[in-house]
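One structure is given below, encoded as structure tokens.
The values are calculated or read from the model by the stated rules, or taken from the named source; none is laboratory data. Worth saying up front: this structure is predicted, and the values here are computed from it rather than measured. As a convention, Cβ positions derive from the backbone with ideal geometry for all residues, glycine included, and neighbour counts pool all protein chains shown.
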Ligand SMILES: Cc1ncc(COP(=O)(O)O)c(C=O)c1O
């Protein structure tokens, strides 16, 4: 059976990582993989996470299964982060999921079950996992343009034109904030218009929000999701805690599904429980328990918020430094948000940067801004300028 199984292509970023590990140069600048790095290039464990782990170590009494739809206390706490404080809405179903990816896959599997072969409108460029995941779930993909690479700006009119042609019942995959890879999001007025357009055309948003708190702040970054939930009767939101809590490997996220009424909500919950059971039985607990522990304690929550704000300010600072440099025009980066930006350069320039300057990035030209710091940012700008002048 396994003799003839085909070899699949290595994920492009994994490939970049492999090249990097085999590179012995001392001055490597790694702008590839999408994790936050501090000024010293580390993706460290925040003190609040360590404190929560210590607390769990001392007090946790059982490692028995949680439940297919996860821990209700965790779910309630992160629902509050996403929607703001308020009474739970009985038409919304929230379940714990193994990371943002797990939440997305639950949503896609549920859609495939409820509406086999449904069309999902996907703005390109997008996170490279979106299209393969949609295809793996058996959904059909219709792509559209949402990014003006020449201007480094969000292309709202192209997006609206595409959605105006979408058929009722189609889904639209949206990034809740800090678009990966473009760094460009709708502004508040555009979110409002999008929510109306989506509601009027009978479309269903599938929102991927993996960077809440790393753009403008926890509240503003969730504003688009909240507009959609206010305006549209059926909405899926896949939320990741990987970046905001620095819990990448612990696999912690949540899926929220807004349904038309309470009876539909009960049916949806039963489907999500079944999908979870068939895939992984129960979600992993450790990351969710850490998040729950932090959010249950106002002091720890404050410390976490301060840490998240520090990450955000560091990213904003890097964006400003790049935008203000005088060697190469990167002004567009100062108008964008989140961890990522797309350099408007081709494969040859990307290869020159790697070969001649030890600068690594995704093949698409996406850079993780958090890979830059005071010690390497000038060298990065100089290398980019020299490469583009060749
Ligand atoms: C846009 C987007 N969605 C989802 C994810 C997946 O997050 P998680 O690691 O929680 O599965 C990522 C991770 O890089 C991402 O960038």
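Numbers at a glance
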read-out: Residues of the range 135-144 satisfying the condition of being closer than 27 Å to residue 344 by Cβ and surrounded by 15 or more Cβ atoms within 10 Å (Cβ to Cβ); value: 141, 142, 144
read-out: Count - residues of the range 162-186 that are in contact with a strand residue (DSSP E or B) (Cβ under 8 Å, 6 or more places away or on another chain) and either outside any loop (DSSP other than H, G, I, E, B) or away from the ligand (no atom under 15 Å from the Cβ) (or both); value: 12
read-out: Test: residue in the range 18-25 that is in the same structural domain as residue 341 (by TED's automatic domain parsing), assigned to a loop (DSSP other than H, G, I, E, B), in contact with a helix residue (DSSP H, G or I) (Cβ under 9 Å, 6 or more places away or on another chain) and more than 16 Å from residue 236 (Cβ to Cβ); value: yes
read-out: Residue within the range 208-228 that is in the same structural domain as residue 97 (by TED's automatic domain parsing), part of a strand (DSSP E or B) and surrounded by 24 or more Cβ atoms within 10 Å (Cβ to Cβ) present; value: yes
read-out: Some residue of the range 171-183 being more than 23 Å from residue 332 (Cβ to Cβ), buried (at least 21 other Cβ atoms within 10 Å of the Cβ) and more than 13 Å from the chain's Cα centre (by Cα); value: yes
read-out: Subset of the range 257-271 (residues that are out of contact with any helix residue (DSSP H, G or I) (no Cβ under 6 Å at 6 or more places or on another chain) and either within 10 Å of the ligand (Cβ to nearest atom) or more than 24 Å from residue 193 (Cα to Cα) (or both)); value: 261, 262, 263, 264, 265, 266, 267, 268, 269, 270
read-out: Selection status of residue 89, in a loop (DSSP other than H, G, I, E, B) and either closer than 20 Å to residue 276 by Cβ or more than 18 Å from the chain's Cα centre (by Cα) (or both); value: yes
read-out: Wholly within the range 284-390, helices (runs of 4 or more DSSP H) carrying at least 1 residues that are more than 30 Å from residue 72 (Cα to Cα); value: 298-324, 331-334, 347-357, 377-389
read-out: Of all residues in the range 104-132 being near the ligand (Cβ under 8 Å from one of its atoms) and in a helix (DSSP H, G or I), the one that is surrounded by the most Cβ atoms within 10 Å (Cβ to Cβ); value: 104
read-out: Residue check for residue 91: surrounded by fewer than 20 Cβ atoms within 10 Å (Cβ to Cβ), within 16 Å of the ligand (Cβ to nearest atom) and modelled with pLDDT of 95 or more; value: no
read-out: Breaking point among (1) closer than 22 Å to residue 254 by Cβ; (2) touching a strand residue (DSSP E or B) at 6+ places or on another chain (Cβ under 7 Å); (3) assigned by TED's automatic domain parsing to the domain that holds residue 266; (4) in a loop (DSSP other than H, G, I, E, B), for residue 94; value: (4)
read-out: Residue within the range 281-288 that is assigned by TED's automatic domain parsing to the domain that holds residue 99, over 22 Å from residue 48 (Cα atoms) and away from the ligand (no atom under 16 Å from the Cβ) present; value: yes
read-out: Sole exception among (1) over 24 Å from residue 370 (Cβ atoms); (2) surrounded by fewer than 18 Cβ atoms within 10 Å (Cβ to Cβ); (3) within 16 Å of the ligand (Cβ to nearest atom) for residue 200, by number; value: (3)
read-out: Which numbered condition residue 254 fails, given (1) more than 16 Å from the ligand (Cβ to nearest atom); (2) crowded, with 24+ Cβ neighbours inside 10 Å; value: (1)
read-out: Selected residue (only one of 140, 145 is in contact with a strand residue (DSSP E or B) (Cβ under 6 Å, 6 or more places away or on another chain), farther than 22 Å from residue 256 by Cβ and more than 16 Å from the ligand (Cβ to nearest atom)); value: 140
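One line per residue, one yes/no per condition, for (1) more than 14 Å from the ligand (Cβ to nearest atom); (2) assigned by TED's automatic domain parsing to the domain that holds residue 195; (3) at pLDDT below 95; (4) under 24 Å from the mean Cα position of the chain (by Cα):
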| residue | (1), (2), (3), (4) |
| --- | --- |
| 243 | no, yes, no, yes |
| 277 | yes, yes, no, no |
| 304 | yes, no, no, yes |
| 317 | yes, no, no, yes |
